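Trainee: Can you keep this structure in mind? I'll have questions shortly.
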Amino acid sequence: MRLCRSPGACQLRARLPWSLAFLAFAFVVVGYGSTPAVARPIDEITASGVLRVIVYDDNAPFSWTADDGSIKGIDADIGRAIAARLGVKADIIARTAGEEADDDLRSNIWQGPRTGGLVGDVMMHVPMEKEFIARNNLVAISNAYHHEQTVLVVHPDMVDPEKGLAAFDSAKLAVQFATVAHYYAMFADAERYKANINPYRKFDAVAEAFLDRSNAGILGRRSEIEAALAGKAGDFRILHPKFETYMRMAWTIGTAVKFDSRDTGYEVGKAMAELRASGALERIFKAHGVTLVEPPAP
């Protein structure tokens, strides 16, 4: 999990020198070309008939933009289900991840994109870490709905599942490049597995390298792995190793609203509770091949 970086692809923004003239021009364009929408209390949302739901682009299986322009994924489907419970339509807005999750809250909930655009009424897939919540006091983060975990998935006929990660001192392990799983595997147990780690830039390539059996295991996010392997033939074993590390290997996600739109957050929470009680939330996860993991008690 990247508390210092948002879900999805890592992005490093180039910092180019801007002239004062260009800054002045940009200010005029943004100031006069669009009027930023503000986060709204529930009465305004109900009156408008639309709930603006922010999700991450390129964050499968939770949210992504399909080739036809439609926004798909678990978070998008939950957003639509919440809107239906509130008696309004969902406007699902997919946004690219910023450098840090704090930036995403600013751009999507309490201030708006610097280039202009809508502010969301609610944002999905927000990390629920105490430090992160405390320093982002212009938003209200709540409504935990899933606990993400880093897991090890193996072909049990290629390695002994009982050995866990230790099996990869002689077998190949696939990971996504520059993720927590990659960093952990590289340095775990005094770099014991380093020579057998195969990093891939895209997770699709990680899954393919596991399915074609060129790698005996995958270390990564459970939801991402489950979605990639759903419906594929094979005997896969999901393991939960004990990770001896300071890095966050499991985390809970929830929703965020602007601090002065808490009534919207309360109504979203009620809708989420109804979805959970009816089994609809679990069905949304299952439709994407993912197991809903209930967040642990705070």
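The values are calculated or read from the model by the stated rules, or taken from the named source; none is laboratory data. Computed from a predicted structure; not experimentally measured. So basically every Cβ, Gly included, is an ideal-geometry build from the backbone, and we count neighbours across all protein chains shown.
Residues checked against (1) of a type in the set (A, V, I, L, M, F, W, C); (2) outside any helix (DSSP H, G or I):
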| position | (1), (2) |
| --- | --- |
| A188 | yes, no |
| A195 | yes, no |
| P199 | no, yes |
| A205 | yes, no |
| E208 | no, no |
| L219 | yes, yes |
| E224 | no, no |
| A228 | yes, no |
| G234 | no, yes |
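Trainee: Going through the stretch 281-292 one residue at a time, which ones are in contact (Cβ under 8 Å) with a residue 12 or more places away in the chain and surrounded by fewer than 16 Cβ atoms within 10 Å (Cβ to Cβ)?
Mentor: Residues of the stretch 281-292 that are in contact (Cβ under 8 Å) with a residue 12 or more places away in the chain, as a first pass: 281, 284-285, 287-292.
Answer for the stretch 281-292, where residues must be in contact (Cβ under 8 Å) with a residue 12 or more places away in the chain and surrounded by fewer than 16 Cβ atoms within 10 Å (Cβ to Cβ): A287, T291.
Trainee: Quick one: in the stretch 58-75, which of the residues that are surrounded by fewer than 22 Cβ atoms within 10 Å (Cβ to Cβ) and touching a Phe, Trp or Tyr at 6+ places or on another chain (Cβ under 7 Å) is nearest to V122 (Cα to Cα)?
Mentor: K72
Trainee: I need every pair where a residue in the stretch 37-48 that is closer than 14 Å to Y266 by Cβ and outside any loop (DSSP other than H, G, I, E, B) has its Cβ under 7 Å from the Cβ of a residue that is modelled with pLDDT under 85 and small (G, A, S), sequence separation at least 6 or different chains.
Mentor: From residues that are closer than 14 Å to Y266 by Cβ and outside any loop (DSSP other than H, G, I, E, B), there are no pairs.
Trainee: Test of understanding: among D57, D91, D67, which residue is under 27 Å from H288 (Cβ atoms) and in contact with a Ser or Thr (Cβ under 7 Å, 6 or more places away or on another chain)? Steps first, please.
Mentor: Details: D91 fails: in contact with a Ser or Thr (Cβ under 7 Å, 6 or more places away or on another chain); D67 fails: in contact with a Ser or Thr (Cβ under 7 Å, 6 or more places away or on another chain).
Going through D57, D91, D67 in turn, just one is under 27 Å from H288 (Cβ atoms) and in contact with a Ser or Thr (Cβ under 7 Å, 6 or more places away or on another chain): D57.
Trainee: Taking A101 and the conditions (1) out of contact with any Asp or Glu (no Cβ under 9 Å at 6 or more places or on another chain); (2) surrounded by fewer than 18 Cβ atoms within 10 Å (Cβ to Cβ); (3) small (G, A, S); (4) on the phi < 0 side of the Ramachandran plot, which numbered condition does it fall short on, given that it satisfies the others?
Mentor: All conditions pass for A101, except number (2).
Trainee: Only one of these is at pLDDT 95 or above, part of a strand (DSSP E or B) and buried (at least 18 other Cβ atoms within 10 Å of the Cβ): I78, I82, I92. Name it.
Mentor: Values: I78 fails: part of a strand (DSSP E or B); I82 fails: part of a strand (DSSP E or B).
Exactly one of I78, I82, I92 is at pLDDT 95 or above, part of a strand (DSSP E or B) and buried (at least 18 other Cβ atoms within 10 Å of the Cβ), namely I92.
Trainee: While we're on this one: Taking the stretch 256-290, which residues are outside any helix (DSSP H, G or I) and of a type outside the set (G, A, S)?
Mentor: Start the filter on the stretch 256-290 by keeping residues that are outside any helix (DSSP H, G or I), which leaves 256-258, 279, 288-290.
Matches in the stretch 256-290: V257, K258, H288, V290.
Trainee: Being in contact (Cβ under 8 Å) with a residue 60 or more places away in the chain and either in contact with an Asp or Glu (Cβ under 8 Å, 6 or more places away or on another chain) or surrounded by 22 or more Cβ atoms within 10 Å (Cβ to Cβ) (or both) is the filter here; which residues of the stretch 208-221 pass it? Before the answer, list the steps.
Mentor: Going residue by residue through the stretch 208-221, those that are in contact (Cβ under 8 Å) with a residue 60 or more places away in the chain are 216-221.
If the condition is that a residue be in contact (Cβ under 8 Å) with a residue 60 or more places away in the chain and either in contact with an Asp or Glu (Cβ under 8 Å, 6 or more places away or on another chain) or surrounded by 22 or more Cβ atoms within 10 Å (Cβ to Cβ) (or both), then G217, I218, L219, G220, R221 are the ones that fit.
Trainee: Which condition from (1) among the small types (G, A, S); (2) under 17 Å from Q149 (Cβ atoms); (3) in contact (Cβ under 8 Å) with a residue 40 or more places away in the chain is the one that A185 breaks?
Mentor: (3)
Trainee: In the stretch 159-186, which residue that is in a loop (DSSP other than H, G, I, E, B) and among the polar types (S, T, N, Q) is farthest from E226 (Cα to Cα)?
Mentor: By that ranking, first place goes to S170.
Trainee: Residue check: is E224 closer than 30 Å to K270 by Cβ and surrounded by fewer than 16 Cβ atoms within 10 Å (Cβ to Cβ)? Let's see the steps before the verdict.
Mentor: Values: closer than 30 Å to K270 by Cβ: yes; surrounded by fewer than 16 Cβ atoms within 10 Å (Cβ to Cβ): no.
Against the criterion (closer than 30 Å to K270 by Cβ and surrounded by fewer than 16 Cβ atoms within 10 Å (Cβ to Cβ)), E224 does not qualify.
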